[in-house]
């Protein structure tokens, strides 16, 4: 997969979910936007979990722990470049390694992710 295909297929979703790693708790409008974007991408909960764990968390958790991190907002262009670069390399041993350590990389945003997944389930009319 090339960079443009990644941006076309995942860019909107990645940028919508990035606020899960910001310093502040997501607002109702943030959650509503995330649910709306997730609904348009029509991914299963399992697929979304892997987007969260493998495609986003390795990049955003490093950003979150960095001394020079952007905690209040992200530069979307810079973030997209980092996400694309990460995901282009996400094959073989790298994929397995990130899967193995995904519990650590998702730890800081897990409670927000769980809240989001509850909202997605409600929007889809699924039982919790």
**Message:** Contact order normalised by length for the chain, with contacts defined as Cα pairs under 8 Å and 6 or more residues apart; what percent is it?
**Reply:** 38
**Message:** Quick check: from the Cα gyration tensor, does the chain come out rounded (a/c under 1.5), prolate or oblate?
**Reply:** rounded
**Asked** Of 59, 45, 84, which has the largest mean-square fluctuation in a 10 Å C-alpha GNM of the chain?
**Response** 45
**Fill in**
Placing each pseudo-label 7 Å from Cα in the direction of the beta carbon, residue 23 and residue 3 end up separated by a distance in nanometres of 3.0
**Message:** Under a crude label model (7 Å from the Cα following the beta-carbon direction), how far is residue 32 from residue 47 in nanometres?
**Reply:** 2.6
**Fill in**
the chain, Gaussian network, Cα under 10 Å: of 74, 101, 52, the residue fluctuating most is 101
**Request:** Name the most mobile residue of 14, 50, 113, meaning the one with the largest mean-square fluctuation, in a Gaussian network model of the chain with Cα contacts below 10 Å.
**Result:** 50
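Taken together, the values in this text are just the output of simple stated rules run on the coordinates, not laboratory data. For clarity, every value in this text was computed on a predicted model and none was experimentally measured. Here the Cβ is made from the backbone with ideal geometry for all residues, glycine too, and neighbour counts use every protein chain on show.
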